[in-house]
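Visitor: I am attaching a structure below and will ask some questions about it afterwards.
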Amino acid sequence: MVELTPRAHDALLTSQTAARRFDPEAHIRLTADKATVRAVLVSEPEPGDAVLEVGALRIFVAPGVTGTVDAGEHNELTAS
């Protein structure tokens, strides 16, 4: 299960909104790299991805991403 802090939600929503100006089908997919979470732009989920919808934000979450996702300095995403 993944939860987003308000700061992470705002950072991801800003990214999704900007990406959709160029590609209306753009979505964010979260992947894990140790404690760092990477946000990648994709058009559809990969097999095994969970779909997380929070208000206007719809993101795909790769297996292995768990915990609370937060955005720190320069909107760097981390999970704890």
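Visitor: Quick one: which residue in THR31, THR68 is crowded, with 17+ Cβ neighbours inside 10 Å, at pLDDT below 95 and part of a strand (DSSP E or B)?
Guide: Working: THR68 fails: crowded, with 17+ Cβ neighbours inside 10 Å.
None of the other options fit; the residue is THR31.
Visitor: Now for a different question. Just checking, how many residues over region 34-65 are of a type in the set (D, E, K, R) and either in contact with a Gly (Cβ under 6 Å, 6 or more places away or on another chain) or part of a loop (DSSP other than H, G, I, E, B) (or both)? Spell out how you get there, then give the answer.
Guide: Initially, region 34-65 is screened for residues of a type in the set (D, E, K, R), giving 34, 38, 44, 46, 49, 53, 58.
With the extra rule that they be either in contact with a Gly (Cβ under 6 Å, 6 or more places away or on another chain) or part of a loop (DSSP other than H, G, I, E, B) (or both), the set shrinks to 34, 44, 46, 49.
So the count comes out to 4.
Visitor: While we're on this one: Considering (1) in a strand (DSSP E or B); (2) surrounded by 14 or more Cβ atoms within 10 Å (Cβ to Cβ); (3) modelled with pLDDT of 90 or more; (4) of a type in the set (A, V, I, L, M, F, W, C), say which one LEU12 fails and leave the rest.
Guide: Failed condition: (1).
The values are calculated or read from the model by the stated rules, or taken from the named source; none is laboratory data. As the structure is a prediction and not an experimental result, all values here were calculated from the model. Here the Cβ is made from the backbone with ideal geometry for all residues, glycine too, and neighbour counts use every protein chain on show.
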